[in-house]
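A.B. asks: This is the structure, below, for whatever I ask next.
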Amino acid sequence: MSAVRIPHERTGLLIVDLQNDFLDPKGAYGRANQGSPDIAALPARLKPLADLLRAKGGWVISTQFTLVPGKGGEPLISPHLKQLRPFLAKDDFLPGAWGHQLVDTLQPADLVVEKIAYSAFYMTRMEWVLRKCNIEKLMIAGIVTNGGVATTVRDAHIRDFETIVLEDGCAAFNVETHDIAIAALKPVCRVATIAEMMREIEAP
């Protein structure tokens, strides 16, 4: 934690990949029966924090995992992802489509950044946007803890953002994987709960 308290207007809640195609039963993962109760619970759990931070002048930032369409609209999918998720198909995670959007519970985001890999900083405009908006502190949440969340946390840390991972604001496909990922992040950043962060935001 910084020795100087960073004001709310320079603080962002960075929500990693809580998109319809991941969470909604009609989305790409829902149609393939890929999901978990812990992941499904995240939007409602994060909403009070997002609303409070907005009210205090802070930022809600959404990353959108994206499958870039190529010729004929066929998505450009990395070989390792195609092997892991063979059900991914044309129009899944398509820019501008319903499945690509942040879930309704957490709308609207103040900033939206498309990403093509785990980290929200890899080959994206994320750092440029954060610097332009004078955001210095990031509370990171979303999915999955061991993938997009963990890599985004590490990339934020090495860029000298004050970085906090919300232990109960992110999830993986099973609890053990989540717990291992959180434990591995403790030397990298602060680990806090949603309730702890809300108390700090509300404090005079």
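The values are calculated or read from the model by the stated rules, or taken from the named source; none is laboratory data. These numbers were taken from a predicted model, which means no experiment stands behind them. Note: ideal-geometry Cβ built from the backbone for every residue, glycine included; neighbour counts use all protein chains shown.
A.B. asks: Consider GLY57 carefully, then state whether it is in contact with an Asp or Glu (Cβ under 7 Å, 6 or more places away or on another chain), over 21 Å from THR152 (Cα atoms) and small (Gly, Ala, Ser). Even if it seems obvious, please write down each step before you answer.
C.D. replies: Numbers: in contact with an Asp or Glu (Cβ under 7 Å, 6 or more places away or on another chain): yes; over 21 Å from THR152 (Cα atoms): yes; small (Gly, Ala, Ser): yes.
Taking the combined requirement at face value, the residue satisfies it.
Let's see how each residue does on (1) surrounded by 19 or more Cβ atoms within 10 Å (Cβ to Cβ); (2) more than 16 Å from the chain's Cα centre (by Cα):
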| position | (1), (2) |
| --- | --- |
| LEU13 | yes, no |
| ASP17 | yes, no |
| ASP21 | yes, no |
| LYS26 | no, yes |
| ARG45 | no, no |
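A.B. asks: Can I ask one more? Name, by its number, the condition in (1) more than 22 Å from ILE39 (Cβ to Cβ); (2) touching a residue at least 40 places away in the same chain (Cβ under 8 Å); (3) among the aliphatic types (A, V, I, L, M) that does not hold for VAL103.
C.D. replies: (1)
A.B. asks: Something else: May I ask you to list the residues in region 113-145 that are within 26 Å of ALA41 (Cβ to Cβ) and assigned to a loop (DSSP other than H, G, I, E, B)?
C.D. replies: ALA117, TYR118, SER119, ALA120, VAL144
A.B. asks: Would you pick out the residues in region 79-128 that are among the acidic types (Asp, Glu) and over 19 Å from GLY12 (Cβ atoms)? First the steps, then the outcome.
C.D. replies: Restricting attention to region 79-128, the residues satisfying the condition of being among the acidic types (Asp, Glu) are 91-92, 104, 110, 114, 127.
If the condition is that a residue be among the acidic types (Asp, Glu) and over 19 Å from GLY12 (Cβ atoms), then ASP91, ASP92, ASP104 are the ones that fit.
A.B. asks: ASP92: modelled with pLDDT of 95 or more, of a type in the set (D, E, K, R), part of a loop (DSSP other than H, G, I, E, B) and touching a strand residue (DSSP E or B) at 6+ places or on another chain (Cβ under 9 Å), yes or no? Write out each step before concluding.
C.D. replies: On the way: modelled with pLDDT of 95 or more: yes; of a type in the set (D, E, K, R): yes; part of a loop (DSSP other than H, G, I, E, B): yes; touching a strand residue (DSSP E or B) at 6+ places or on another chain (Cβ under 9 Å): yes.
Here the answer is yes, as ASP92 does meet what is asked.
A.B. asks: Being within 15 Å of VAL68 (Cβ to Cβ), assigned to a helix (DSSP H, G or I) and of a type in the set (A, V, I, L, M) is the filter here, so list the residues in region 78-89 that pass it.
C.D. replies: Once the filter is applied, which keeps residues that are within 15 Å of VAL68 (Cβ to Cβ), assigned to a helix (DSSP H, G or I) and of a type in the set (A, V, I, L, M), region 78-89 yields only LEU81.
A.B. asks: Further, regarding this structure: Looking at (1) closer than 28 Å to LEU76 by Cα; (2) in a loop (DSSP other than H, G, I, E, B), which is the one condition that is false for THR151?
C.D. replies: With (1) closer than 28 Å to LEU76 by Cα; (2) in a loop (DSSP other than H, G, I, E, B) applied to THR151, the lone miss is (2).
A.B. asks: Over 30 Å from ALA192 (Cα atoms), touching a Ser or Thr at 6+ places or on another chain (Cβ under 7 Å) and either in contact (Cβ under 8 Å) with a residue 40 or more places away in the chain or surrounded by fewer than 18 Cβ atoms within 10 Å (Cβ to Cβ) (or both): is that true of PRO95 in this structure? Walk me through how you get there before you give the answer.
C.D. replies: On the way: over 30 Å from ALA192 (Cα atoms): yes; touching a Ser or Thr at 6+ places or on another chain (Cβ under 7 Å): yes; either in contact (Cβ under 8 Å) with a residue 40 or more places away in the chain or surrounded by fewer than 18 Cβ atoms within 10 Å (Cβ to Cβ) (or both): yes.
For PRO95, the condition - over 30 Å from ALA192 (Cα atoms), touching a Ser or Thr at 6+ places or on another chain (Cβ under 7 Å) and either in contact (Cβ under 8 Å) with a residue 40 or more places away in the chain or surrounded by fewer than 18 Cβ atoms within 10 Å (Cβ to Cβ) (or both) - is met.
A.B. asks: What do you reckon, is GLN107 of a type outside the set (Gly, Ala, Ser), surrounded by fewer than 15 Cβ atoms within 10 Å (Cβ to Cβ) and more than 18 Å from CYS189 (Cβ to Cβ)? Quick ask: steps written out before the conclusion?
C.D. replies: Numbers: of a type outside the set (Gly, Ala, Ser): yes; surrounded by fewer than 15 Cβ atoms within 10 Å (Cβ to Cβ): yes; more than 18 Å from CYS189 (Cβ to Cβ): yes.
Yes; evaluated as a whole, the condition is true for this residue.
A.B. asks: Residues being within 19 Å of ALA55 (Cβ to Cβ) and surrounded by fewer than 16 Cβ atoms within 10 Å (Cβ to Cβ): count how many of those fall in region 183-197.
C.D. replies: To start, the set of residues in region 183-197 that are within 19 Å of ALA55 (Cβ to Cβ) comprises 194-197.
Filter once more, keeping what is surrounded by fewer than 16 Cβ atoms within 10 Å (Cβ to Cβ): 195-196.
Summing the residues that are within 19 Å of ALA55 (Cβ to Cβ) and surrounded by fewer than 16 Cβ atoms within 10 Å (Cβ to Cβ) in region 183-197 gives 2.
A.B. asks: Quick check on this structure: which one of SER36, SER78 is touching a Phe, Trp or Tyr at 6+ places or on another chain (Cβ under 6 Å), of a type outside the set (Asp, Glu) and modelled with pLDDT under 95? Quick ask: steps written out before the conclusion?
C.D. replies: On the way: SER78 fails: touching a Phe, Trp or Tyr at 6+ places or on another chain (Cβ under 6 Å).
Exactly one residue qualifies, and that residue is SER36.
A.B. asks: To continue, here is another question. Contact list please: Cβ distance under 8 Å, first residue in region 188-200 and in a strand (DSSP E or B), second residue polar (S, T, N, Q) and surrounded by 15 or more Cβ atoms within 10 Å (Cβ to Cβ), pairs at least six apart or on different chains.
C.D. replies: Partner pairs satisfying both residue conditions: ARG190/THR163.
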